[in-house]
Amino acid sequence: MNVFVLVLAIIVAIGVLAYYRASLTLFTAAIAGLLVVGSLTDTAGMATWLIFLVIALPLNIASFRQQYITKPVLGLFRKIMPEMSTTEKEAIDAGTTWWEADLFCGNPDWHKMHNFPKPRLSAEEQTFLDGPVEELLAMVDDWHSTHERADLAPEVYDYLKNKGFFAMIIAKKYGGLEFSAFAQSCVLQKLTSKSMMLSSIVGVPNSLGPGELLQHYGTDEQKNYYLPRLAKGLDVPCFALTSPEAGSDAGAIPDFGIVCKGEWQGKEILGMRLTWDKRYITLAPIATVIGLAFKLFDPEKLLGDKEELGITCALIPANTPGVKIGRRHFPLNVPFQNGPIQGNDIFVPLDYIIGGAPMVGQGWKMLMECLSIGRAITLPSNSTGGIKAAAMATGAYARIRRQFKLPIGKMEGVEEVMARIGGYAYMADASTTMSVGAIDLGEKPSVISAITKYHMTERMRIAINDAMDVHGGKGICMGPNNYLARGYQGAPVAITVEGANILTRNMIIYGQGAIRCHPYVLAELQAAQLDDQGAAVTAFDKALFGHIGFAISNFFRTFWLSLSGGIFSHAPYNDVTAKYYKQMNRFSAAIALMSDVAMGTLGGELKRRERISARLGDILSMLYLTSAVLKRYNDEGRQVQDLPLVQWACEDNMAKAQLALNELFDNFPNRLVGIVLKRVVFPWGRTLRKASDQVEHQVARIMQTPCEARSRLGLHLYLTNEPGNQLGRVEQVLLDVLAAEPLFDKVCKAANKRLPFYRLHEVADLGLKLGVISKEEAAKLCLAEEGRLFVINVDDFEPGHLAADNSLTQQPNGADALNQEQAKSKSKAA
Ligand SMILES: Cc1cc2nc3c(=O)[nH]c(=O)nc-3n(C[C@H](O)[C@H](O)[C@H](O)COP(=O)(O)OP(=O)(O)OC[C@H]3O[C@@H](n4cnc5c(N)ncnc54)[C@H](O)[C@@H]3O)c2cc1C
């Protein structure tokens, strides 16, 4: 053995041991073993052993290491440690981590992922979806609600209350439905497929609000009083956090309460005087009980030593004297009940605090805990329902609508757009199902809920835009027959609420993910905060050396997986999906490496470098979404027919992850680090591509052709063909048109001319005359024509009907009348 071989053997040994995450002891033993071989072959001399001992001994003797390495590093760490406010700390501490932590750590265990149980509906939940949900949807007229009434009809509210729609999260012992998160998601998806307004109204009481807060933190008295009332719909709740001065920065609400004594129902009691000014509060105009967040102060120290007690949540009956409630905002033509609420110096008992005196100042923590659940259910499910409905409607429409003598869905340009809608629909269902599945397993997945909320609402906005483009003027002209436009108008609502998306992407996903998912950072931060120096050094030492080993391992894993393209890494299935698992192995190692590099080089500054944080968050998100797609494919029995959808979604995500990494390197604040690491992660350049035209063609075909894959895409939507359900009607027309096409071809052949595919009743007459079709077949052509016209036609209105103030169009001197006069004189002149 010569020196070169020995050095090479040591490097390879370090690389292999690091790749497999060996312990420090194993590292030391393996290198010592190689040096013994070196000594026996006269390659390693005294100097080599000396270097080895100088490095290995301090690292392996704990007391020495802690005194001379860990202690100074801890001192330095305390200086550069990012400062955290209490609200930030509580936000980070909220919830649990789940599968995303595995993806973050560079070595995901795919068997573990596939072993998470597939969410299923209980018989009771299925019955609810097939019964009350269908019945409710048959009652709702979305145009009437959104345009004519600007509210749901009273009988719809009654039905919602009576059937427990507002009580899906409330426990059965209080009269609620106590549905799984998966069942709630299915209900909301189905409601959205007919009415976004309806799903918003149902979603809110089942999300973050009085019901959820009471169940987790309420006193027995509060639970026994309110929960049965909420379950029966005797009380309608809202939750008021946002104020004009504090939207995204909700921890900075100026609304306050002062602990004081006052008179209540004829007696002097300890209570609080509340002053607040809230806006954008969903259900506020019709709420009977307000969940209110405010900062509580105790200047007279009536409750204890502290004057500033922190954010607190209370339940205030809406009829409390002095509460100003009832006016409405007008959210983007999806006019669900939403409005401002004010209160000025209103005295209420301390018992109104959710959870009573022990929960004083715990409001922010309570909200963050509940948000880590609710954020994964309501908005992602509503958005998923919207994307899936857009996919089904667009698929059918593109097959029915013809231009240039062809269904528009056969044009390559349209196929590209359709593939995006279809791919997103498959992925949205997969991600939402996986996320709500985590909740049903008992998790409070704060990072996942932020990922799911952000990406589902963003994808919904893109999908609905795409669907509008494919529908052309049909999507633009509003009226009872337009099944897209309200979703298009309302998309920004979901983007803005429960953490506006720019903030969610730039601050929350990675900000929370980095600290919660990293196996050592939280332990380091916690150790550095310990007052006992001895305990701090011991705890920090454990975390620090674990962290160093983790970072070395990630470097070697990234280097090898990038160099090899991950092709030798593990994938649980050896089919067309194998490459996606392997690409994810590679990106998982890369994000683990880049996280440490970003935190190590930027320290607390990383919090302010939002765009670095956003890109790291994008990579984590893409890993999560792709794993959800692969899990769905597996959970549904690896249906080969679905492969184009799987391929499209995985390739789109992986290309996005690659782009985020590339942008991260190009913009990395330390340029040298950026350039070097770019070479490590992309030794062969950016090799991943988005889905091919061929895959996009296959996805577009699935969307336009009734088949099992298409039916899976539309699962849990309201597709029943009944009057008033445009989506259900379009589905039926698709079948009718497809059934008519061969008959049409028969008539054309017999007539020896290529007729246009319209006026099919005339084609039917011709076919009968030529004797090539039967009467039943002629009826099928006429049915297809009737449906076809229904699908392509749009609504129109009497001139005065659309003006909000009708009187303006009727006044002889009004602008409208003037315009009409001018138009008349112009046409005369012409
Ligand atoms: C229809 C509707 C219903 C609502 N329902 C409720 C309800 O029931 N209860 C309730 O309490 N609230 C409710 N809200 C309020 C909602 O949660 C807030 O609108 C939201 O938090 C954003 O606050 P803002 O609108 O004041 O925007 P701002 O906070 O002013 O933000 C404006 C933009 O700046 C971005 N931004 C802000 N800070 C950062 C940052 N640090 N980094 C990057 N980007 C940043 C945001 O992402 C956003 O894009 C509702 C809002 C709407 C519109």
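The values are calculated or read from the model by the stated rules, or taken from the named source; none is laboratory data. The shown structure was predicted, so the numbers you read here are calculated from the model rather than taken from an experiment. Counting neighbours? That spans all protein chains shown, and the Cβs are built from the backbone with ideal geometry, glycine included. Note: accessible area is taken over every heavy atom of the protein model, side chains too, but ligands, DNA and RNA are not part of it. Shrake-Rupley method; radii C 1.70, N 1.55, O 1.52, S 1.80 Å.
List of remarks:
- Checked across segment 371-394, the condition of being within 13 Å of the ligand (Cβ to nearest atom) and open to solvent by 30 Å² or more (accessible area, probe 1.4 Å) holds for no residue.
- Close pairs from segment 231-256: first more than 16 Å from residue 315 (Cα to Cα), partner more than 10 Å from the ligand (Cβ to nearest atom) and acidic (Asp, Glu), Cβ under 6 Å, at least 6 apart: 243/255; 243/277
- Pick from segment 255-288, criterion assigned to a loop (DSSP other than H, G, I, E, B) and among the polar types (S, T, N, Q), ranking: farthest from the ligand (Cβ to nearest atom): 265
- Scanning segment 142-168 for residues that are in contact with a helix residue (DSSP H, G or I) (Cβ under 6 Å, 6 or more places away or on another chain), of a type outside the set (Lys, Arg) and assigned to a loop (DSSP other than H, G, I, E, B) yields 152, 168.
- For segment 243-254, taking the residues that are near the ligand (Cβ under 7 Å from one of its atoms) and either open to solvent by 70 Å² or more (accessible area, probe 1.4 Å) or assigned to a strand (DSSP E or B) (or both), the one that is farthest from residue 339 (Cα to Cα) is identified as 249.
- Within the set 457, 504, 433, 452, the sole residue that is among the polar types (S, T, N, Q), within 16 Å of the ligand (Cβ to nearest atom), more than 25 Å from residue 142 (Cβ to Cβ) and in a helix (DSSP H, G or I) turns out to be 504.
- Test for residue 359: is it touching a residue at least 12 places away in the same chain (Cβ under 8 Å) and within 14 Å of residue 214 (Cα to Cα): yes
- Considering the conditions (1) within 16 Å of the ligand (Cβ to nearest atom); (2) surrounded by 23 or more Cβ atoms within 10 Å (Cβ to Cβ), residue 185 is excluded by exactly one of them, (1).
- Sole residue being on the phi < 0 side of the Ramachandran plot, part of a helix (DSSP H, G or I) and within 14 Å of the ligand (Cβ to nearest atom), chosen from 421, 515, 462, 495: 495
- Counted residues, segment 80-102 - those being open to solvent by less than 40 Å² (accessible area, probe 1.4 Å) and of a type in the set (A, V, I, L, M): 4
- Taken together, 212, 178 contain a single residue that is among the charged types (D, E, K, R) and touching a Cys at 6+ places or on another chain (Cβ under 9 Å), which is 212.
- Matching residues, segment 312-323, being of a type in the set (A, V, I, L, M, F, W, C) and either out of contact with any Leu (no Cβ under 8 Å at 6 or more places or on another chain) or away from the ligand (no atom under 16 Å from the Cβ) (or both): 318, 323
- Any hit, segment 483-490, residues being more than 16 Å from the ligand (Cβ to nearest atom), under 30 Å from residue 622 (Cα atoms) and at pLDDT 95 or above: yes
- Note on segment 202-220: among residues that are touching a residue at least 12 places away in the same chain (Cβ under 8 Å) and open to solvent by 40 Å² or more (accessible area, probe 1.4 Å), the one that is farthest from the ligand (Cβ to nearest atom) is 219.
- Residue within segment 616-627 that is open to solvent by 20 Å² or more (accessible area, probe 1.4 Å), farther than 15 Å from residue 99 by Cα and not acidic (Asp, Glu) present: no
- Selection within segment 473-486 - open to solvent by 20 Å² or more (accessible area, probe 1.4 Å) and assigned to a helix (DSSP H, G or I): 473, 476, 486
- Here residue 635 clears all of (1) over 21 Å from residue 108 (Cα atoms); (2) open to solvent by 30 Å² or more (accessible area, probe 1.4 Å); (3) touching a residue at least 40 places away in the same chain (Cβ under 8 Å) except the condition numbered (1).
- Residue within segment 549-569 that is under 22 Å from residue 79 (Cα atoms) and either open to solvent by less than 20 Å² (accessible area, probe 1.4 Å) or in a loop (DSSP other than H, G, I, E, B) (or both) present: no
A quick yes/no check of all residues on (1) in contact (Cβ under 8 Å) with a residue 40 or more places away in the chain; (2) buried (at least 22 other Cβ atoms within 10 Å of the Cβ); (3) touching a Cys at 6+ places or on another chain (Cβ under 6 Å); (4) assigned to a helix (DSSP H, G or I):
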| position | (1), (2), (3), (4) |
| --- | --- |
| 732 | yes, no, no, yes |
| 755 | no, no, yes, no |
| 764 | no, yes, yes, yes |
| 767 | no, yes, no, yes |
| 772 | no, no, no, no |
| 777 | no, no, no, yes |
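- The residues listed here are 498, 415; of these, the one that is within 21 Å of residue 198 (Cα to Cα) and of a type in the set (D, E, K, R) is 498.
- For residue 822, the conditions (1) modelled with pLDDT under 95; (2) surrounded by 11 or more Cβ atoms within 10 Å (Cβ to Cβ) are fulfilled apart from (2).
- Within segment 787-819, the set of residues being of a type in the set (S, T, N, Q) and either open to solvent by less than 80 Å² (accessible area, probe 1.4 Å) or modelled with pLDDT of 80 or more (or both) comprises 793, 806, 807, 809.
- Index of the failed condition, residue 469 passing every other in (1) of a type in the set (Asp, Glu); (2) within 15 Å of the ligand (Cβ to nearest atom); (3) in a helix (DSSP H, G or I): (2)
- With respect to the conditions (1) of a type outside the set (Phe, Trp, Tyr); (2) within 16 Å of the ligand (Cβ to nearest atom); (3) farther than 27 Å from residue 492 by Cα, residue 334 lacks only one, and its number is (3).
- Test: residue in segment 438-446 that is modelled with pLDDT under 95 and part of a helix (DSSP H, G or I): yes
- Of all residue pairs spaced 6 or more apart or on separate chains, those with beta-carbon atoms under 6 Å, a first member in segment 593-619 that is in a helix (DSSP H, G or I) and a second member that is away from the ligand (no atom under 16 Å from the Cβ) and among the hydroxyl-bearing types (Ser, Thr, Tyr) are 593/558.
- Residue ranges of helices (runs of 4 or more DSSP H) in segment 76-141 with at least 2 members within 30 Å of residue 681 (Cβ to Cβ) and modelled with pLDDT of 95 or more: 99-104, 110-115
- Yes/no for residue 647 being in a helix (DSSP H, G or I), farther than 30 Å from residue 609 by Cβ and polar (S, T, N, Q): yes
- The condition (being surrounded by fewer than 16 Cβ atoms within 10 Å (Cβ to Cβ) and within 16 Å of the ligand (Cβ to nearest atom)) is satisfied by just one residue among 291, 304, 326: 326.
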